[in-house]
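Right, one structure below, let's go through it.
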Amino acid sequence: MTDKNEQFCCPETNELNDQQVIRYLREHPGFFIRNASYIEQMQVPHPVRGTVSLVEWIMSRQRNRIHYLEEDMRLLIEQASENEALFSQLLLLISELSSSASLHEMLERLNLWAKELGLYSVQLRLFTDRWQLQPPLDAQDLPLSRQAFEHFRIQRMGDDNHYLGTLNGQEIMLLMPNVRRSGSVALSLLGHYGDLGVIIFNSRDSQHFQEGMGTVMLDKLAHILPELLLRWIARQ
């Protein structure tokens, strides 16, 4: 008797909630077949048109979903095409560098490749505690103190292996002392652990390299270059 009084006084306790409706429909899929004619007449709220039929609402959702899927597919195809072009360029570069007859020729070919991409220059700097860069090796432009670089790494890179953006005057003097002009750079740490040095691609355009751009080719090149350098320079 008490339960009936409570239900009478509080009828809202008998109302179905969303989860109960969902559970019922999952357990009784035949509901839609048995009530097809009613479902076709159902109206649901619409932010612009006030109400639309349930069938139209479902089809609209499907069209939106297809649109997003098509957009995702388009972006994937574009990315695959870009990656294919990048890797083709990378394979060509590796072939050129591997066939170099000297360290100087290898660095010249690397710089020529960068210029063909529309860049101003490329700088290769090697940490002095990881490479034997003393004479008679002709590599006066390569040495870079890891201690001097550490401040830049902490300020600009954090835990990342790449930096894309602009450099201030002091940073240019540290990383590219022979470069007269720098708009923006793409910098990558060399080696699997990022402890062998840096490669720096330099553009005159301050907007050319920006945070958030892809670094796939940078990453591959940063892993391959140290192995090629072993032909000419020994590790510490």
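With contacts defined as alpha carbon pairs under 8 Å and 6 or more residues apart, what's the relative contact order of region 108-236 in percent?
Averaging sequence separation for qualifying contacts and normalising by length gives 29 percent for region 108-236.
Report the FRET efficiency, 1/(1 + (r/R0)^6), for A234 and R204, where r is their Cβ-Cβ distance and R0 is 41 Å, rounded to 0.05.
Using R0 = 41 Å, I get an efficiency of 0.70.
I want to check the label-to-label distance for I22 and T166. Put each point 7 Å from Cα in the C-beta direction and report it in nm to one decimal.
5.0
Per residue, how much accessible area does the chain have with a 1.4 Å probe, in Å²?
Working: 16020 Å² over 236 residues.
So the chain comes to 68 Å² accessible per residue, rounded to a whole number.
Just subtract the alpha-carbon distance of T51 and I33 from 0.36 nm times their residue separation and send over the number in nm, one decimal.
Values: separation 18, 0.36 × 18 = 6.48 nm, distance 2.32 nm.
Between T51 and I33, full extension yields 4.2 nm more.
Quick check for you: which residues of region 120-137 have the amide N under 12 Å from the point 7 Å beyond the Cα of R181 toward its beta carbon?
Output list for this probe position: 120-121.
Per the 1.4 Å probe, what fraction of the accessible area of the chain, in percent, lies on carbon and sulfur atoms? Intermediate results must be reported in sequence, preceding the final value.
On the way: 8460 of 16020 Å².
Result for the chain: 53 percent of the exposed heavy-atom area is carbon or sulfur.
For the chain, with a Gaussian network of springs between Cα atoms less than 10 Å apart, report the residue from Y120, Y68, Y163 with the top mean-square fluctuation.
Of Y120, Y68, Y163, the Gaussian network model singles out Y68 as fluctuating most.
Based on the Cβ-Cβ distance of L69 and D138, what FRET efficiency does E = 1/(1 + (r/R0)^6) give at R0 = 45 Å, to the nearest 0.05?
So, using R0 = 45 Å, E works out to roughly 0.20.
With θ taken as phi - 60° and the coefficients 6.51, -1.76 and 1.60, list the Karplus ³J(HN,Hα) couplings across region 197-205 in order, rounded to whole Hz; mark glycine and proline as x.
Listing the rounded values in order: x, 9, 10, 10, 8, 10, 10, 6, 7 Hz.
Quick one: work out Rg over Rh on the C-alpha atoms of region 97-236, Rh as Kirkwood radius.
0.93
Compare E108, E116 by solvent-accessible area with a 1.4 Å probe and give them largest first, with all protein chains kept in place.
E116, E108
Hey, what's the Kirkwood Rh for the chain if you take every pair of different alpha carbons, in angstrom?
For the chain, inverting the mean 1/r across all distinct Cα pairs yields 23.3 Å.
Can you give the log10 of the normalised intensity I(q)/I(0) at q = 0.24, 0.28 Å⁻¹, computed with Debye over equal Cα scatterers of region 165-236?
-1.11, -1.23
Quick check: from the Cα gyration tensor, does region 90-156 come out rounded (a/c under 1.5), prolate or oblate?
On the way: a/c = 2.48, a/b = 1.35, b/c = 1.84.
Verdict is oblate for region 90-156.
To the nearest Å, what is the center-to-center distance of region 18-60 and region 91-108, using C-alpha atoms only?
A separation of 66 Å, based on Cα centres.
Order 44-50, 187-193, 169-175 from most to least packed using the mean count of other Cβ atoms within 10 Å.
Numbers: 44-50: 8.6, 187-193: 19.1, 169-175: 14.7.
Highest mean packing first, the order is 187-193, 169-175, 44-50.
The values are calculated or read from the model by the stated rules, or taken from the named source; none is laboratory data. The model shown is predicted, which means the values in this text are computed figures rather than measured ones. Cβ atoms come from the backbone with ideal geometry, glycine included; neighbour counts cover every protein chain shown. Accessible surface areas use protein heavy atoms only, side chains included; no ligands, DNA or RNA. Shrake-Rupley method; radii C 1.70, N 1.55, O 1.52, S 1.80 Å.
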